[in-house]
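Derivation of every value follows stated rules applied to the coordinates shown; laboratory data play no part. Every value quoted in this text rests on a predicted model; they were computed, and no experiment measured them. So basically every Cβ, Gly included, is an ideal-geometry build from the backbone, and we count neighbours across all protein chains shown.
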Amino acid sequence: MNGSCCIGRRRRHKGEGTRRVRGLVAVVAVALLGAGQPPAAPEFEPPNGATPMVEGWRREPLHDRPAGVDLQISLDQQLYEVLLPLIRDYGRRHELNITVRQGTCGISSGLLARKELDVGGYCCPPGSVDRLPDLRFHTVAIAAIALVVHPDNPIRNLTLAQARAIYAGSIYRWEQLADDPAHAAFRGSIQPVGRLHCKQRPGHWRLLLPDEDSFGPNLVEVGAIPDMIEVVSRNRLAIGYETVWMVESNRERGRVVPISLDGVDPADGAALAARRYPLYRTYSITSWGGGVANPAVAPLVRHLLEESGKAATAFHMVGAEALRAAGWRFRGDELVGSGRQ
């Protein structure tokens, strides 16, 4: 399972008038960004408040689990690879039957709203839609989102302003980025590729451009991480984005090259922790408070938070404790600010 809500890819189809308006909006937006304006989208949303639910929802217990199952968990596909071995080991040692499914932020959110999960996993900071009454978020790690290009592309570094301009459509040919004669020989129309998942949540791709309408009319959208790798690997003029671990674990779909951003390697975890790399995903798991809490969840979550920091580096992630040490802001276990806001 790819862990994506929609598999495949599509090119946007807009009327010519819409395309012109979007192109003009994108150019204006990039002009502002190039003038030093920060992206409009926040890295995180305020961690207060809760999604309104129907009367009586809060008193409802979790739905019955299948016979013999002690805990039900759904994890984003990247957290799945990090946490599954830890969960299985914990279950064996504590004689717990724990079922773990591979999903997405949207799947976790929907199952939690229906009270069908003990623990949900997210690859984005929670949005207002995710903040259910009595639901707590525990940040596991963050991971840099790398810009990726075809191996034939000689460019190995972009500035953040250039990356935004490419995706907004105001830089549309590779020769516009030539900084030496070798690069000048690489010519052609840039093909931006994007995966605009979790639009209602802050962070992730919205740190590149704040919303869907800020992207240029030539964006090719894909629905799944493997598709991102495949599309870029097949088009020497393409550029995409994905975490370093997902690039490595999807090699069978094609070869792409992660490039630096403002001279910083996306695989440099220390630079990410020091806030010198601007694009990243935030990974969290949840637990219930109040009357629906399963007493077996709290010790499991604590174990995962303690042990995942050691495992995270193998997946090019920076764990929560390293972020605390670097001065990132937490409320309880939840990461709520990088210090840049």
As a test, work out the antiparallel percent of DSSP beta bridges whose residues both lie in the chain, rounded to the nearest 5. 70 percent
Just round it to a whole percent: the fraction of Cα-Cα distances in segment 128-256 exceeding 16 Å. 65 percent
Crossing angle, helix 297-312 versus the chain [Cα axis fit, 0-90 degrees, rounded to tens]: 30 degrees
Can you put Cys123, Cys105 in order of Cβ neighbours within 10 angstrom, beginning with the fewest? Cys123, Cys105
Explain nothing, just the number: dipole magnitude of the chain about its Cα centre with +1 on each Lys and Arg Cβ and -1 on each Asp and Glu Cβ, in debye rounded to the nearest 20. 680 debye
Just report the Cα centroid separation between segment 184-254 and segment 308-332, whole Å. 26 Å
Cα-based radius of gyration of the chain once divided by 2.2 N^0.38 Å, which approximates compact folds: 1.03
Taking only Cα atoms and a 10 Å spring cutoff, compute GNM fluctuations for the chain and point out the largest among Thr243, Thr104, Thr313. Thr313
Helix-only mean residue ellipticity at 222 nm, the chain, DSSP H runs n ≥ 4 weighted -39,500 (n - 2.57), per residue, nearest 500. What is it? -8500 deg cm²/dmol
Rounded to the nearest 0.05, what FRET efficiency do Thr51 and Asp152 give with R0 = 51 Å and r taken as the Cβ-Cβ distance? Could you check? 0.60
Ranked by GNM mean-square fluctuation in the chain (Cα springs under 10 Å), the top entry among Val148, Val129, Val193 is Val129
Give the long-range amide H neighbours of Asn294: residues separated by 5 or more places, or on another chain, with amide H under 5 Å away, using H modelled in the peptide plane at 1.01 Å from N. Trp288
Percent relative contact order for segment 135-277, counting Cα pairs under 8 Å at least six residues apart, stands at 38 percent
Acute angle (nearest 10 degrees) that the helix 16-34 long axis makes with the longest principal axis of the chain, alpha-carbon atoms: 80 degrees
Output ordering of 302-310, 165-173 (per-residue mean of other Cβ within 10 Å, highest first) is 165-173, 302-310
Using only C-alpha positions, report the orientation-averaged shadow area of the convex hull of segment 65-118, nm², one decimal. 3.5 nm²
Hull shadow area, averaged, segment 241-318 [alpha-carbon convex hull, nm²]: 7.2 nm²
Furthest towards positive pole of dipole, Tyr122, Val336, Ser260, structure part the chain, Cβ charges: Ser260
Relative exposure of Met53, Met317, Met246, judged by other C-beta atoms within 10 Å (fewest first): Met53, Met246, Met317
Sequence gap at least 6, Cα distance under 8 Å: using those rules, report the relative contact order of segment 158-216 to the nearest whole percent. 39 percent
Springs between alpha-carbon atoms under 10 Å, Gaussian network over the chain: tell me which of Arg324, Arg201, Arg281 tops the mean-square fluctuations. Arg324
Given Cβ charges of +1 for Lys and Arg and -1 for Asp and Glu, the option among Gln77, Cys105, Gln200 whose Cα lies farthest towards the positive end of the dipole of the chain is Gln200
Can you work out the Karplus-derived ³J(HN,Hα) for every residue in segment 334-339? Use 6.51 cos²θ - 1.76 cosθ + 1.60 with θ = phi - 60°, whole Hz, and x for glycine or proline. 9, 6, 10, x, 8, x
Quick one: Debye curve from the alpha-carbon atoms of segment 209-270 only, equal weights, vacuum; give me log10 I(q)/I(0) at q = 0.14, 0.28 Å⁻¹ to two decimals. -0.46, -1.23
In whole Å, largest first, the alpha carbons of segment 171-243 cover along the principal axes 42, 23, 22
Given N residues in segment 99-170, what is Rg(Cα) / (2.2 N^0.38 Å)? 1.61
Just for the Cα atoms in segment 28-183, what are the lengths along the principal axes, largest first, rounded to whole Å? 67, 38, 19
